[in-house]
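Q: If you scroll down you'll find the structure; I have some questions about it.
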Amino acid sequence: MCRKLAFIVVLLAVTVIIPEHASQAAVIGRGSMAEFAWSPDNHSLAIATAFGIWLYDATSGSFQLLAEESASSLAFNIDGSELYFSTLNALQAIDIQSGERRVISTTAFQISGTGAAAVTTLDETLEVWYLESGDPPVTLSAVAESAPFITRISADGAWVAGAYHDFENMENSQFLDIIFFWDVKQQQTIPLPVYNDRIWNITFSPDSARLGAIMWSGDVYWWDLPTLAERHFTEMRAFGDLAFSPDGTLLVFGTSNGDIRLWNSHDEKMTVLGSHLQLDGLAFSRDGQFLASSGRDGTVKLWDMSTSEAIVTLEPRRQEE
């Protein structure tokens, strides 16, 4: 009888023994990683994968399959009772205890880190929805004839950033990119220069006071808000994802050689936290004590920021059938 090998990503659980006031855990889900979301109490980690959205409860050590869809964006609500998630054609909320769902919209959204707001693209315009307060949506003026290929919204819903292909300014028959930044309340739009480059990823800090970007060249940008004072880090070989610490003082990002680099704005030093090859996801816990990183190979690492050590490494398991 013929035997065949299949690479199957199985669900593993490892509980991390750490101080009681910061009980945490890390998991690996099924399939490639997409997004992380930490609960407000730092006890649960939601993971969007290619085969569904999983919730790990660190207090009980249990896993829960919340949804079988693949989500492009997710965040807990303010009190952690619901998880907002967006698929390609809907924005939904699921009750963590009962599993009941409600459909908020039949369009895709990018959700803020706190779940307070979300932004969607309607043709060339953007629309901001306030999920917690119930305030009416705000429509942002169009800045280009095409839609942005990346949109991000700050945790408080005050700022929106969109990455666009700048077809009007081409170099050597190659289009370049531009970031537009909206002050939602003032309805002001400001273009941010990125110096003839292509945009890989952009993100807001959890305190809504900074905006960061990774470029195809490997450069990294940091803008303070609302002044838009800029820091430009060259020759960083940045790659994959980037994330700010909850207080906005640390910026972490992956590199093409597998390093995870950390920029500290207090002492203005760049250090290497560790290594995670093919990194495509980063997320700080709400208290900033832990960092979750994911790779395209399905691995997940949990880093203790007080020691700069990976305290958990989880890998897909090769299984015969």
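The values are calculated or read from the model by the stated rules, or taken from the named source; none is laboratory data. Note that the coordinates shown come from a computational prediction; the quantities given were computed from them, not determined experimentally. For neighbour counting, all protein chains shown are included, and Cβ atoms are generated from backbone atoms with ideal geometry for every residue, glycine included.
Q: Would you confirm, using the coordinates I've provided, whether residue 110 is surrounded by fewer than 22 Cβ atoms within 10 Å (Cβ to Cβ) and of a type outside the set (Phe, Trp, Tyr)?
A: Criteria not met by residue 110.
Q: Looking only at the range 76-105, count how many residues are surrounded by fewer than 17 Cβ atoms within 10 Å (Cβ to Cβ), among the acidic types (Asp, Glu) and assigned to a strand (DSSP E or B).
A: Of the residues in the range 76-105, 1 are surrounded by fewer than 17 Cβ atoms within 10 Å (Cβ to Cβ), among the acidic types (Asp, Glu) and assigned to a strand (DSSP E or B).
Q: Filter the range 300-321 down to the residues that are assigned to a loop (DSSP other than H, G, I, E, B), at pLDDT 80 or above and more than 21 Å from the chain's Cα centre (by Cα) and list them by number. Explain how you work it out, then say what you get.
A: Narrowing the range 300-321 to residues assigned to a loop (DSSP other than H, G, I, E, B): 305-308, 315-316, 321.
Right, trim to at pLDDT 80 or above and you get 305-308.
Hits for the range 300-321 are 306, 307.
Q: So the check is Cβ under 8 Å with 6+ separation or different chains; which pairs have a first residue in the range 171-189 that's of a type in the set (S, T, N, Q) and a second one that's outside any strand (DSSP E or B) and modelled with pLDDT under 90?
A: 187/141; 189/141; 189/143
Q: List the residue pairs whose Cβ atoms are under 6 Å apart, where the first residue sits in the range 214-234 and is at pLDDT 90 or above, the second is in a strand (DSSP E or B) and polar (S, T, N, Q), and the two are 6 or more positions apart or on different chains.
A: 214/201
Q: Hey, could you check the range 139-150 for residues that are out of contact with any Leu (no Cβ under 9 Å at 6 or more places or on another chain) and either in a strand (DSSP E or B) or of a type in the set (Asp, Glu) (or both) and say which is surrounded by the most Cβ atoms within 10 Å (Cβ to Cβ)?
A: 150
Q: Now, a different point. Only residues that are modelled with pLDDT of 85 or more, polar (S, T, N, Q) and over 18 Å from the mean Cα position of the chain (by Cα): list them for the range 42-91, please.
A: Within the range 42-91, 81, 89 meet the criteria.
Q: Would you mention how many residues in the range 117-131 are surrounded by 23 or more Cβ atoms within 10 Å (Cβ to Cβ) and not in a strand (DSSP E or B)?
A: Residues in the range 117-131 being surrounded by 23 or more Cβ atoms within 10 Å (Cβ to Cβ) and not in a strand (DSSP E or B): 1 in total.
Q: Inside the range 190-213, can you point out the residues that are in contact (Cβ under 8 Å) with a residue 24 or more places away in the chain, farther than 21 Å from residue 138 by Cα and over 22 Å from the mean Cα position of the chain (by Cα)?
A: Once the filter is applied, which keeps residues that are in contact (Cβ under 8 Å) with a residue 24 or more places away in the chain, farther than 21 Å from residue 138 by Cα and over 22 Å from the mean Cα position of the chain (by Cα), the range 190-213 yields 195, 196.
Q: Against the condition under 28 Å from residue 143 (Cα atoms) and either crowded, with 22+ Cβ neighbours inside 10 Å or at pLDDT 90 or above (or both), how does residue 263 come out, does it pass? I'd like the intermediate steps shown before the answer.
A: Numbers: under 28 Å from residue 143 (Cα atoms): no; either crowded, with 22+ Cβ neighbours inside 10 Å or at pLDDT 90 or above (or both): yes.
Considered against the rule, which asks whether it is under 28 Å from residue 143 (Cα atoms) and either crowded, with 22+ Cβ neighbours inside 10 Å or at pLDDT 90 or above (or both), residue 263 comes out as no.
Q: Under 8 Å by Cβ, and 6 or more places apart or on different chains, what pairs join a residue from the range 76-100 that is within 16 Å of residue 132 (Cα to Cα) with one that is surrounded by 13 or more Cβ atoms within 10 Å (Cβ to Cβ) and of a type in the set (Lys, Arg)?
A: 92/101; 93/101; 94/101; 95/101
Q: The conditions are (1) within 13 Å of the chain's Cα centre (by Cα); (2) modelled with pLDDT of 90 or more, and residue 249 fails exactly one of them. Which is it?
A: That leaves (1) as the condition not met.
Q: Give the number of residues within the range 269-296 that are basic (Lys, Arg) and over 15 Å from residue 75 (Cα atoms).
A: So in the range 269-296, the residues basic (Lys, Arg) come out as 269, 286, 296.
Still in the list and also over 15 Å from residue 75 (Cα atoms): 269, 296.
Qualifying residue count, the range 269-296: 2.
Q: Restricting attention to the range 227-250, and to residues there that are in a loop (DSSP other than H, G, I, E, B) and in contact with a Ser or Thr (Cβ under 6 Å, 6 or more places away or on another chain), which single residue is surrounded by the most Cβ atoms within 10 Å (Cβ to Cβ)?
A: Ranking the qualifying residues of the range 227-250, first place goes to 248.
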